[in-house]
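Since the structure comes first, as structure tokens, the remarks are kept for the end.
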Number of protein chains: 2
Amino acid sequence: MDELLSDGITNTPPSFVRAILKAASDPAITSFAGGLPNPISFPQEKLMESMQRVVAERGPEAFQYSMTAGIPELREWIAERYNHRFGTDYTADDVLVTTGSQQVLDLLGKVLLDKGDGVIVEKPTYLAAIQAFALQQPVFREVELTEEGLNTDELTAALEAGAKMIYLIPNFQNPTGLTYTAENRAKVREILADRNIVVVEDDPYGELRFEGESLPYIGATALPHGVVMGSFSKTVTPGFRMGYLLTKDHELLRRLNTAKEAADLHTNVFSQFVVLDYLRHNDLDEHLVKIRDLYRDQAQAMTDAMAEFFPAEVAFTKPQGGMFLWATLPAGINTMDLFPKALARCVAFVPGEPFYAEPGSYSTMRLNFTNADADTIRDGIRRLGEVIAEAL
Amino acid sequence: MDELLSDGITNTPPSFVRAILKAASDPAITSFAGGLPNPISFPQEKLMESMQRVVAERGPEAFQYSMTAGIPELREWIAERYNHRFGTDYTADDVLVTTGSQQVLDLLGKVLLDKGDGVIVEKPTYLAAIQAFALQQPVFREVELTEEGLNTDELTAALEAGAKMIYLIPNFQNPTGLTYTAENRAKVREILADRNIVVVEDDPYGELRFEGESLPYIGATALPHGVVMGSFSKTVTPGFRMGYLLTKDHELLRRLNTAKEAADLHTNVFSQFVVLDYLRHNDLDEHLVKIRDLYRDQAQAMTDAMAEFFPAEVAFTKPQGGMFLWATLPAGINTMDLFPKALARCVAFVPGEPFYAEPGSYSTMRLNFTNADADTIRDGIRRLGEVIAEAL
């Protein structure tokens, strides 16, 4: 079989996180490894009401083949939401509805990257973006992510080396939980302004800010090839696989549309109608308050427990939103080696390694705080602290 | 922008059919161009009942992230269905649930094809397969499709030239409506048996046989790298985008699973639960009788009308199932030129050209018979016959 496989797939690792999720699915284990939104964020009863309305009002249209771009009213709702939040001037024609925002990564890789092309990513970055782009065999150019945002010297060097796309997660980044400052965003925008490069900002957690104020995007409508990625996975339901992108670059959008057509024709149209109906009949902002309040408390519980139980040598981020935080152990401790030891103590995390485009030994770990209550978080972090202390 | 685009997307045409569908969406036009199942095939009320049960019985699980392969009970149902129909020995572990069967084409292309690799396809073949594979820039090797099935001399020559995958639609083929005979299947199986090649049989219409008996697959479990593709689009609803593949080649399946993970993580899990519940609480075979009876009548109405109104020089297929038939005009008439003339007479079809891997001038056309009643079909075919007669 091996000789029949493509070079692309041979170079693409299966997702380490999904392997870990299996290991950590034992109910006896306190898992900070997942990336699951809290079920409180799924408005099940309201979605059921929407389904009934959709079947009654739309009938066969909701079950038939549909257009690749997504249903116009939903695209319009998305454009309006961004205009309202950020003062942009998006229209329905700037939006492509996708099968989860993961699909946007797949489409961008296909449409932009040939073997050997440069793609700039944060160091560390979202591991399934590495996976999606890896199929095209590009050259990854990593740029360090700091407490302020991108390391701009490294960014300039990476741009000089050549790249067709830069992929960033400016808000409550996965995996680090870090958020770019307004100053860093402005500086990065300035550096990118005179470059011929597609600027992708992945923002699945943007609506989950539980501290501070929303900040403008780097690119979006401010740069000619700006692309913003969004999702309903963290605000309504991940089970529907509903994401989208917005861009004013219609030449790029046309190509993404062709790639989408070849990938799955269109996104589940029943789910599109249901989400649209839900958004029209309910107050999303009210719903979001509930999610944000919960996640704020959970993040607080985790950072409090880490302050109490983690050895002083361990640094960790304090996210203003999202679902994750990031711990950095003293250099020389490979968190991959720590993982089985933690599992033996019934606690799981994701070791840092899969979040780096370059394989290596890393002393970092990602912790999810959205899927356990405060007591469970405290107890799990206490045990994880003991595992770390033993390794020092 | 152009210099930022990949070679793959530059070589991938947007779907001509979807462009045509737009042109033909004017309600004044009798369109035989679409590929839409008749809405009679959507069991809307039953699906609504299933949705209510899924929300009540499964709760958050139906709205949360889920596993890439698809929910186990649905995979088991699919395996059992094939075992029941074909005496195979598939299990849930041989099944991958996908975002429509279109996604299987995308995954196969990614996992198998590098630039310049050979892929054998029927001449003509499903145009969105050409589109999905084209992204990988393979060399297409076309093998003539006859009333019996594949031209086996051409098949042998294509295999000699080299190919990693052969892609076939043995039942009521799209676009031709042709079905391989049992003898042709056996012959093709024999020719493929000692070759190291992935044998893909795409069978979205297999359950829509309205004449004759089901025939065994060529590969499936009988060849080591056999892959069968299926779909709920023509039997339950296309709007949910639910397809799947079955294969005993678990090395291939593992790679397809990785590619699926990178593409969209998993298929809409709510829709998976709903379809599973629908299949458990209803008799699919009873539902299929209704669809088959309708399509048999519609196909008959179309072939009767063609016999009555088409010039004698036009040959056409008489499908035993599925949704399409195929007309062949005298050589030298380019059906692409005929299209605007037909549109002017308020009737639409799909010209043959996009169904061939090689661009050129073709005198063929695809006609869909599932979306109009007998009178509309008769009247549309009459007008199309006049357009053809004028061109002779």
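Which number in (1) out of contact with any Asp or Glu (no Cβ under 9 Å at 6 or more places or on another chain); (2) modelled with pLDDT under 95 marks the one condition that B:Met336 misses?
(1)
How many of the residues making up segment B:299-321 are within 15 Å of B:Arg366 (Cβ to Cβ) and in a helix (DSSP H, G or I)?
Residues meeting the conditions: 4.
Report whether or not B:Glu207 is in a helix (DSSP H, G or I) and either at the interface with chain A (Cβ under 7 Å from one of its Cβ atoms) or at positive phi (or both). Even if it seems obvious, please write down each step before you answer.
Details: in a helix (DSSP H, G or I): yes; either at the interface with chain A (Cβ under 7 Å from one of its Cβ atoms) or at positive phi (or both): no.
Considered against the rule, which asks whether it is in a helix (DSSP H, G or I) and either at the interface with chain A (Cβ under 7 Å from one of its Cβ atoms) or at positive phi (or both), B:Glu207 comes out as no.
Report the residue count in segment A:82-104 for those that are in contact (Cβ under 8 Å) with a residue 60 or more places away in the chain and closer than 26 Å to A:Phe270 by Cα.
So the answer is 14.
Has segment B:26-43 got at least one residue that is facing chain A (nearest Cβ under 7 Å), aliphatic (A, V, I, L, M) and in a helix (DSSP H, G or I)? Give the derivation first.
Keep residues of segment B:26-43 that are facing chain A (nearest Cβ under 7 Å), which gives B:36, B:39, B:42.
In the following step, the residues that additionally are aliphatic (A, V, I, L, M) were identified as B:36.
Pick out the ones that are also in a helix (DSSP H, G or I) and you get none.
Among the residues of segment B:26-43, not one is facing chain A (nearest Cβ under 7 Å), aliphatic (A, V, I, L, M) and in a helix (DSSP H, G or I), which makes the answer no.
When B:Gln102 is evaluated against the numbered criteria (1) more than 30 Å from A:Pro238 (Cα to Cα); (2) within 7 Å of chain A (Cβ to nearest Cβ), which criterion, by number, is the only one it fails?
B:Gln102 satisfies all of (1) more than 30 Å from A:Pro238 (Cα to Cα); (2) within 7 Å of chain A (Cβ to nearest Cβ) except (1).
Based on this model, can you work out whether A:Asp94 counts as away from every other protein chain (no Cβ under 14 Å) and farther than 20 Å from A:Phe232 by Cα?
Considered against the rule, which asks whether it is away from every other protein chain (no Cβ under 14 Å) and farther than 20 Å from A:Phe232 by Cα, A:Asp94 comes out as no.
With respect to the numbered conditions (1) more than 14 Å from chain A (Cβ to nearest Cβ); (2) touching a residue at least 12 places away in the same chain (Cβ under 8 Å); (3) of a type in the set (D, E, K, R), which one is the sole condition not fulfilled by B:Asp264?
B:Asp264 satisfies all of (1) more than 14 Å from chain A (Cβ to nearest Cβ); (2) touching a residue at least 12 places away in the same chain (Cβ under 8 Å); (3) of a type in the set (D, E, K, R) except (1).
Can you say whether A:Gly109 is under 19 Å from B:Thr258 (Cβ atoms), in contact (Cβ under 8 Å) with a residue 12 or more places away in the chain and under 13 Å from the mean Cα position of the chain (by Cα), as far as the supplied structure shows?
It is false that A:Gly109 is under 19 Å from B:Thr258 (Cβ atoms), in contact (Cβ under 8 Å) with a residue 12 or more places away in the chain and under 13 Å from the mean Cα position of the chain (by Cα).
Of all residues in segment B:216-231, count the ones that are hydroxyl-bearing (Ser, Thr, Tyr) and within 14 Å of B:Ala193 (Cα to Cα).
2
Contact list please: Cβ distance under 6 Å, first residue in segment B:161-173 and over 21 Å from B:Ala186 (Cβ atoms) and within 14 Å of chain A (Cβ to nearest Cβ), second residue of a type outside the set (A, V, I, L, M) and part of a loop (DSSP other than H, G, I, E, B), pairs at least six apart or on different chains.
Short answer, once both residue conditions are applied: B:Lys164/B:Asp117.
From (1) surrounded by fewer than 15 Cβ atoms within 10 Å (Cβ to Cβ); (2) out of contact with any Asp or Glu (no Cβ under 9 Å at 6 or more places or on another chain); (3) farther than 22 Å from A:Arg254 by Cα, pick out the condition that doesn't hold for A:Met48.
For A:Met48, the failing item is (1).
In this structure, is B:Gly243 in a strand (DSSP E or B) and away from chain A (no Cβ under 14 Å)?
No, not satisfied.
Sort through B:Ser66, B:Ser15 and tell me the only one that's within 13 Å of another protein chain (Cβ to nearest Cβ), of a type in the set (Ser, Thr, Tyr), within 30 Å of B:Gln136 (Cα to Cα) and out of contact with any Asp or Glu (no Cβ under 8 Å at 6 or more places or on another chain).
B:Ser66
Please state which one of A:Leu215, A:Leu245 is assigned by TED's automatic domain parsing to the domain that holds A:Thr98 and surrounded by fewer than 22 Cβ atoms within 10 Å (Cβ to Cβ).
Being assigned by TED's automatic domain parsing to the domain that holds A:Thr98 and surrounded by fewer than 22 Cβ atoms within 10 Å (Cβ to Cβ) holds for just one of A:Leu215, A:Leu245, which is A:Leu215.
Applying the selection to segment B:330-348, what residues are in contact (Cβ under 8 Å) with a residue 60 or more places away in the chain and either buried (at least 21 other Cβ atoms within 10 Å of the Cβ) or among the hydrophobic types (A, V, I, L, M, F, W, C) (or both)?
Within segment B:330-348, B:Phe339, B:Leu343, B:Cys346, B:Val347, B:Ala348 qualify.
Cβ contacts < 7 Å: first residue in a loop (DSSP other than H, G, I, E, B), restricted to segment A:59-74; second residue among the basic types (Lys, Arg), any location; separation 6+ or different chain. Result?
A:Thr68/A:Lys260; A:Thr68/B:Arg18; A:Ala69/A:Arg75
Yes/no per residue for (1) in the same structural domain as A:Glu80 (by TED's automatic domain parsing); (2) of a type outside the set (S, T, N, Q):
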site	(1), (2)
A:Asp249	yes, yes
A:Lys260	yes, yes
A:Leu265	yes, yes
A:Gln272	yes, no
A:Asp277	yes, yes
A:Leu294	no, yes
A:Met302	no, yes
A:Ala305	no, yes
A:Val314	no, yes
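The values are calculated or read from the model by the stated rules, or taken from the named source; none is laboratory data. Bear in mind the structure is a predicted one, so any value in this text is a computation, not a measurement. Ideal geometry is used to build each Cβ from the backbone, glycine not excepted, and the neighbour counts take in all protein chains shown.
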